[in-house]
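The values are calculated or read from the model by the stated rules, or taken from the named source; none is laboratory data. Note that this is a predicted model, so its numbers are computed, not measured. Every residue, glycine among them, receives a Cβ derived from its backbone with ideal geometry; neighbour counts consider all protein chains shown.
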Amino acid sequence: MEPTHLLIFLAGVLAQLVDGALGMAFGVTATTVLLSFGVAPAAASTMVHVAEMFTTAASGASHIAHRNVDWAMLKRLALPGMVGGVLGSTLLANVDGNLIRPYVSAYMLVMGAIIVAKALRWRPRTADMRWAPGLGLVGGFLDAVGGGGWGPIVTSTLIGRGGVPRKVIGTVNTTEFLVTTATSAALVSQVGLADVWPVVFLVLGGLVAAPFAGWITRVMPERVLMSLVGCLVVLLATIQLAQLALR
């Protein structure tokens, strides 16, 4: 195993452990690692989404086994998310996705701050699902364009609107399998798969961590879970904005 492959494997382990437990970060983390090795944005997004087909399947199975999934919410998110992913893939194949990243990062920063504030006075309630299809469409689109974003956008918004963290994380993580499968098919057909080895090591790393996802989410106290989600969103958004500012 080459040193680069080992780093990609470790990135897959850590990214999936956080993604499965908190509902975000695999795509953003893995894409950042690949970009740091000089992989083009479209190629990196393709590799990450193909890898996520396998890791999200394992993570989703874990959440289903631990009863973390709200099936009504999943139905509202899945199809719009898949459509958004295909549309975003088409845009990424023809336009530089970096153009919209500052706006996405700014949105994530605001949502993260809202979640942290609400965690201090959080009480479980049912989130309004009437606008979930629109959220799924936007989340799938931005996920494809940015190489990651389904979790940070959809999870943070649903929790920010009052959703129960455990159910939101489990549902968004499970739905991601459907969204990333549609996105991967679109990206591979338009961009192709430049190198299979990064995908293999991302998958292997992700599969090591994925089975623990549902258990961590189920046993962690809701207030702690919500606080960690908010802090992670703020951290990811801050890192992305700092990277953009230094270019």
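Couple of notes before you dig in:
- Taking segment 27-41 as the range and being buried (at least 22 other Cβ atoms within 10 Å of the Cβ) and more than 11 Å from ILE8 (Cα to Cα) as the test, the residues that pass are GLY27, VAL28.
Each row is one residue, and each column tells you yes or no for (1) under 16 Å from VAL154 (Cβ atoms); (2) crowded, with 21+ Cβ neighbours inside 10 Å; (3) in contact with a strand residue (DSSP E or B) (Cβ under 7 Å, 6 or more places away or on another chain); (4) not hydrophobic (A, V, I, L, M, F, W, C).
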| site | (1), (2), (3), (4) |
| --- | --- |
| ILE169 | yes, yes, no, no |
| VAL172 | yes, yes, no, no |
| ALA186 | no, yes, no, no |
| ALA242 | no, no, no, no |
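- Considering each residue of segment 138-156 in turn, at least one proves to be closer than 20 Å to ALA106 by Cβ, surrounded by fewer than 24 Cβ atoms within 10 Å (Cβ to Cβ) and of a type in the set (A, V, I, L, M, F, W, C).
- Of all the numbered requirements in (1) over 14 Å from ALA144 (Cβ atoms); (2) in a loop (DSSP other than H, G, I, E, B), VAL95 misses one, and that requirement is (1).
- Qualifying residue in segment 26-37 (condition: closer than 30 Å to PRO221 by Cα and modelled with pLDDT of 90 or more): no
- Checked against the criterion of being crowded, with 24+ Cβ neighbours inside 10 Å, at pLDDT below 90, hydrophobic (A, V, I, L, M, F, W, C) and not in a loop (DSSP other than H, G, I, E, B), the candidates ILE216, ILE159 yield just one match: ILE159.
- Selection within segment 68-82: residues that are in a helix (DSSP H, G or I) and charged (D, E, K, R). The member of this set that is nearest to ALA58 (Cα to Cα) is LYS75.
- Every residue from segment 2-54 that is assigned to a loop (DSSP other than H, G, I, E, B) and farther than 27 Å from GLY163 by Cβ: GLU2, PHE37, GLY38, VAL39, ALA40
- Flag for LEU193 being within 19 Å of VAL28 (Cα to Cα) and part of a helix (DSSP H, G or I): no
- Residue check, VAL219 free of Cβ contacts under 8 Å to residues at least 40 places away in the same chain and under 15 Å from ALA21 (Cβ atoms): yes
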